[in-house]
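See structure below.
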Amino acid sequence: MDAGGRDPDFLAFVITLLMMLLLAAGVKKSLIFNNILNVINLAVWVFVMTAGLFYVNTDNWTKHKGFLPKGWSGVFTGAATCFYAFIGFDIIATTGEEAATPKKSIPLAIVSSLAIILIAYVTSSMMITLIVPYTEVDEDSALVEMFGQVGAYKCKYIVAVGALAGLTVSMFGSMFPMPRIIYAMAQDGLIFRIFSQVWPSTGTPALATFISGLTAAIAALFIRLEILVEMMSIGKKLCLTF
């Protein structure tokens, strides 16, 4: 069976369903899980920055057609695609009712999160291109294979753990707001009011969570990653524009 140029991704389907169940279990439990993964991400990022210093080769920035081999047009093309890296910061704005001092804490949290994300992605990209020539960067798993290409296989496995944690956090950030958007629309009468029902034991909009989770799981099963990333980037740009 062919699905958009590839076989169905059953692993992505199962992981998405597990994330859906975690979100349905309640905000507190899901946020604890998310915070643990963020700590793992931060620790692995520090490890990559530290261990990577031993394999840096500055010739990678001067040879191979120089520092910007594809010019500024290549930079902007890549930036447009990688905009998905910043998806999720707007979730902070939906937590105003739960914040003690929303006028102060929410703007600070948004700016701080964007700054941290920017630093993490820029420094990681710098480290990749300083260790491996851009022509040899593995497109499927750049950070993981980076250490493998220089023979640091133990480092490779540590980074793989961080990559898994990072993908899970990214999925959490993408799936967290959707049930609440459906819930708000149902309360306003824009869609069926049954979607605004809250599960008493967890305090979450269970039906909205299951519907959005199943939709995301089916998309992950059949649609190629490149298409999903482009759809997310375009959708977020339109959302922030209007």
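The values are calculated or read from the model by the stated rules, or taken from the named source; none is laboratory data. Quantities reported herein were computed from a predicted structural model and do not represent experimental measurements. Quick reminder, even Gly has a Cβ in these numbers, built from the backbone with ideal geometry, and neighbours come from all protein chains shown.
Residue count for the stretch 106-115 satisfying the condition of being surrounded by fewer than 12 Cβ atoms within 10 Å (Cβ to Cβ) and either touching a strand residue (DSSP E or B) at 6+ places or on another chain (Cβ under 6 Å) or within 19 Å of G162 (Cα to Cα) (or both): 0. Among the residues of the stretch 51-78, just one is of a type outside the set (F, W, Y), exposed (fewer than 11 other Cβ atoms within 10 Å of the Cβ) and farther than 19 Å from E136 by Cα, namely S73. Considering (1) under 23 Å from K65 (Cβ atoms); (2) of a type in the set (S, T, Y); (3) in contact with a helix residue (DSSP H, G or I) (Cβ under 6 Å, 6 or more places away or on another chain), say which one S125 fails and leave the rest. Here S125 meets the rest and fails (3).
Considering only residues in the stretch 216-229 that are within 18 Å of S141 (Cα to Cα) and not aliphatic (A, V, I, L, M), the one that is surrounded by the fewest Cβ atoms within 10 Å (Cβ to Cβ) turns out to be E226.
Every residue, every condition in (1) over 28 Å from G148 (Cα atoms); (2) at pLDDT 85 or above; (3) out of contact with any helix residue (DSSP H, G or I) (no Cβ under 8 Å at 6 or more places or on another chain), yes or no:
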{"residue": "V44", "(1), (2), (3)": "no, yes, no"}
{"residue": "F54", "(1), (2), (3)": "no, yes, yes"}
{"residue": "K63", "(1), (2), (3)": "no, no, yes"}
{"residue": "V75", "(1), (2), (3)": "no, no, yes"}
{"residue": "T94", "(1), (2), (3)": "yes, no, no"}
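Mind checking whether some residue in the stretch 184-192 is in contact (Cβ under 8 Å) with a residue 40 or more places away in the chain and either crowded, with 17+ Cβ neighbours inside 10 Å or of a type outside the set (A, V, I, L, M, F, W, C) (or both)?
Just the residues of the stretch 184-192 that are in contact (Cβ under 8 Å) with a residue 40 or more places away in the chain, to begin with: none.
Checked the stretch 184-192: no residue is in contact (Cβ under 8 Å) with a residue 40 or more places away in the chain and either crowded, with 17+ Cβ neighbours inside 10 Å or of a type outside the set (A, V, I, L, M, F, W, C) (or both).
Which residues, counting only those in the stretch 5-20, are out of contact with any Phe, Trp or Tyr (no Cβ under 9 Å at 6 or more places or on another chain) and aliphatic (A, V, I, L, M)? L11, A12, V14, I15, L17, L18 - these are the residues of the stretch 5-20 that are out of contact with any Phe, Trp or Tyr (no Cβ under 9 Å at 6 or more places or on another chain) and aliphatic (A, V, I, L, M).
Counting just the residues of the stretch 198-215 that are outside any helix (DSSP H, G or I) and either surrounded by 14 or more Cβ atoms within 10 Å (Cβ to Cβ) or touching a Phe, Trp or Tyr at 6+ places or on another chain (Cβ under 7 Å) (or both), which one comes out modelled with the highest pLDDT?
From the stretch 198-215, those outside any helix (DSSP H, G or I) are 198-205; that's our starting set.
Then drop every residue that is not either surrounded by 14 or more Cβ atoms within 10 Å (Cβ to Cβ) or touching a Phe, Trp or Tyr at 6+ places or on another chain (Cβ under 7 Å) (or both), which leaves 199, 202, 204-205.
Working: W199: 81, T202: 76, T204: 81, P205: 84.
Selected residue: P205.
Examine the stretch 180-190 for a residue that is part of a loop (DSSP other than H, G, I, E, B), modelled with pLDDT of 80 or more and in contact with a helix residue (DSSP H, G or I) (Cβ under 7 Å, 6 or more places away or on another chain), and state whether such a residue exists. Checking the stretch 180-190: not a single residue is part of a loop (DSSP other than H, G, I, E, B), modelled with pLDDT of 80 or more and in contact with a helix residue (DSSP H, G or I) (Cβ under 7 Å, 6 or more places away or on another chain).
Among residues of the stretch 151-162 that are under 16 Å from D138 (Cα atoms) and touching a residue at least 40 places away in the same chain (Cβ under 8 Å), those with a beta-carbon under 7 Å from a residue that is among the hydroxyl-bearing types (S, T, Y) and part of a helix (DSSP H, G or I) at least six positions away or on a different chain give the pairs A152/Y55.
Within the stretch 111-154, the set of residues being at pLDDT 85 or above, of a type in the set (V, I, T) and assigned to a helix (DSSP H, G or I) comprises V111, I116, I119, V122, T123, I128, T129, I131.
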